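Shown next, in structure tokens, is the structure this report addresses.
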Ligand code: ADP
């Protein structure tokens, strides 16, 4: 009875014991008093796949990860010797060949006499927890190690090394994807000993179409065996070239754009676990965020430095013209009885003031564009006219530097829908830069070509050029290349940044054209054409700038000799015959024997003013049909009404451009043809 009772009790306790083990998902094992496996261990065999003959004695140690084996054996021996509880955490190889972390414990079992009879042990799977801890520790260590990094490369160096070593891979590269989204630049890679570096610029196409599309969608690219999973054109060629057989590549997509990639490469096929993929993804995300923070800080610092420099230059640029203006005022006070000197001083002051006005206007434009309340005055204009305005404003600079200018425009009239003044400002700026940054006696070319539905205007010089590393920055606000004296041309570094913004407002672009090895630089300006593109006009009627010719006899009257001479010379260049007078009386004398067909009359003149002169010319019978044009600084309706009363046919605002003058002359010609 008592025997049966005991047996029942033993059975019950054994059953409870097994149930407990089952419930805790543990692997149960029993070892002899001297710590050897002497009987079948079904739990251990089920987990590791070791048969009894393999695990018996100390054979089970073979299933322990080589790096943990020695420590495990030592702990086991220690427990056996002291008859104390055995406890270990180690990696055990499962049936599938993969190691997982297990927690093992065993207790010595004594009989009633205190004699050690056996050991009862259990192993529990703690792999998930262990790996999660390990991952967090690694990520934490990465943050610690890069906390004080202040340049992107050191962040890349630390994270790729730590990740590469942790995953025991061959290589770990970090790449920025270029803004064109077609290329990526591996800025840094960590490599295991003996592996080659892959730092360089690559085309995304090398990944093949499907993988490239996945990357743009932010999907991790995961390959276990390159030779089996990838075709030659789907990346196999690229990966084989760098002896890479398995890859995890994590793309980072921000605001819909692929911005960076982080990868790990293995020189043999490898079954990546979900955990490993997740770790690479997490590292990529964190490194990118850190690198971008550093870059943003760098950009802020850079912008701040440029602004400080800009303020210093601006103060200088504003003070420069003020000094001669101030001495000019003093001179005027002293030389009121010497008109020639006074006129010279006035011219000089006007030039200086104009320079300041240009500067302030540029600043205001930038401010307006930045605030978003800048409006273009779009109109249909001919490309040739816009180029002519730009050339006219920069001609003095080009000539004074002794450069030759060659203009090559399409033979047919090319119409644009643009703000002519602003586009001329952009072309003028590039042309002015070409003149400024080219040593005296250089060559400047303006070539315009129609390309599909747009037109490209290229301005090329053979000057000092722009170094590659400065090329992307010159369009930034206040950016200037270097500080050497040949570059110090008194600019503010606003011009190109304003030009780019103006082109963007036009739906066009301005870029520095790559010309490897060539001297000087080329800027390409691109614009969409107006809807009506080409109107063929017989080339015979055109001159170099695309302006039709009809020669007039023109009288120019202005008390400002320079202004009068300038206007007359410009018209002579277009084939007209001109005479110049500097006051009313002289004008009347010349008119009597020159019989002008057109007269440009300045309004504000000492003695007889423009209105009186117009009336006097109108009374001369031999000048019937004379077209009179008022030149004034005032464009309001009052001024226009007054000039109409004085018999003027047209009213032009000063300073008038050659294009405006020529356009008016051709309009007059057309009207005369119509009435003839
Ligand atoms: P800046 O007023 O200084 O000329 P820009 O914005 O027009 O300002 O130009 C920015 C910088 O780009 C210039 O300071 C100059 O260093 C460089 N640059 C522009 N055009 C040329 C060119 N044709 N050749 C050489 N350098 C140029």
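The values are calculated or read from the model by the stated rules, or taken from the named source; none is laboratory data. As the structure is a computational prediction, the values presented were derived from the model and not from experiment. Backbone-built Cβ (ideal geometry, glycine too); neighbour counts: all protein chains shown.
Give the residues of the stretch 485-544 that are in a loop (DSSP other than H, G, I, E, B), modelled with pLDDT of 90 or more and farther than 20 Å from residue 378 by Cβ, sorted by residue number.
Across the stretch 485-544, the qualifying residues are 513, 519, 520, 521.
Go through (1) under 22 Å from residue 392 (Cβ atoms); (2) without any contact (Cβ under 8 Å) to a residue 60 or more places away in the chain; (3) assigned to a helix (DSSP H, G or I) one by one and return the number of the condition residue 563 breaks.
(2)
Where in the stretch 154-251 are there strands (runs of 3 or more DSSP E), lying fully within it, with 1 or more residues that are in contact with a helix residue (DSSP H, G or I) (Cβ under 7 Å, 6 or more places away or on another chain)?
Counting at least 1 such residues, we get 171-177, 183-191, 221-223.
Just one of the numbered conditions (1) surrounded by 14 or more Cβ atoms within 10 Å (Cβ to Cβ); (2) at pLDDT 90 or above is not true of residue 293; which one?
Against the list (1) surrounded by 14 or more Cβ atoms within 10 Å (Cβ to Cβ); (2) at pLDDT 90 or above, residue 293 comes up short only on (1).
Is it the case that some residue within the stretch 273-280 is touching a residue at least 60 places away in the same chain (Cβ under 8 Å), in the same structural domain as residue 198 (by TED's automatic domain parsing) and within 28 Å of the chain's Cα centre (by Cα)?
Yes, the stretch 273-280 contains at least one residue that is touching a residue at least 60 places away in the same chain (Cβ under 8 Å), in the same structural domain as residue 198 (by TED's automatic domain parsing) and within 28 Å of the chain's Cα centre (by Cα).
Give me the strands (runs of 3 or more DSSP E) completely within the stretch 353-451, filtered to those with at least 3 residues that are within 16 Å of the ligand (Cβ to nearest atom), assigned by TED's automatic domain parsing to the domain that holds residue 501 and surrounded by 15 or more Cβ atoms within 10 Å (Cβ to Cβ), ordered by residue number.
Of the strands (runs of 3 or more DSSP E) lying wholly inside the stretch 353-451, those with at least 3 residues that are within 16 Å of the ligand (Cβ to nearest atom), assigned by TED's automatic domain parsing to the domain that holds residue 501 and surrounded by 15 or more Cβ atoms within 10 Å (Cβ to Cβ) span 443-451.
Just to be sure, is residue 630 part of a strand (DSSP E or B) and either touching a helix residue (DSSP H, G or I) at 6+ places or on another chain (Cβ under 6 Å) or more than 17 Å from residue 555 (Cα to Cα) (or both)?
yes
Among (1) more than 26 Å from the chain's Cα centre (by Cα); (2) in contact (Cβ under 8 Å) with a residue 12 or more places away in the chain, which single condition is residue 140 missing?
Among (1) more than 26 Å from the chain's Cα centre (by Cα); (2) in contact (Cβ under 8 Å) with a residue 12 or more places away in the chain, residue 140 violates only (2).
Can you confirm whether residue 474 is surrounded by fewer than 21 Cβ atoms within 10 Å (Cβ to Cβ), at pLDDT 90 or above and within 9 Å of the ligand (Cβ to nearest atom)?
Here the answer is no, as residue 474 does not meet what is asked.
Tally time: how many residues in the stretch 128-142 are more than 14 Å from residue 276 (Cα to Cα) and in contact with a strand residue (DSSP E or B) (Cβ under 9 Å, 6 or more places away or on another chain)?
Total satisfying the criteria: 1.
Please enumerate the residues belonging to the stretch 92-109 that are in contact (Cβ under 8 Å) with a residue 12 or more places away in the chain and over 55 Å from the mean Cα position of the chain (by Cα).
Of everything in the stretch 92-109, those that are in contact (Cβ under 8 Å) with a residue 12 or more places away in the chain and over 55 Å from the mean Cα position of the chain (by Cα) turn out to be 104, 105, 106, 107, 108.
Just one of (1) surrounded by 14 or more Cβ atoms within 10 Å (Cβ to Cβ); (2) modelled with pLDDT under 95 trips up residue 264, so point out which.
(2)
If residue 149 meets every condition in (1) in the same structural domain as residue 273 (by TED's automatic domain parsing); (2) surrounded by 13 or more Cβ atoms within 10 Å (Cβ to Cβ); (3) without any contact (Cβ under 8 Å) to a residue 60 or more places away in the chain; (4) part of a loop (DSSP other than H, G, I, E, B) apart from one, which number is that one?
Every condition holds for residue 149 apart from (3).
Filtering the stretch 311-335 down to residues that are surrounded by 13 or more Cβ atoms within 10 Å (Cβ to Cβ) and at pLDDT below 75, which residue is farthest from residue 474 (Cα to Cα)?
335
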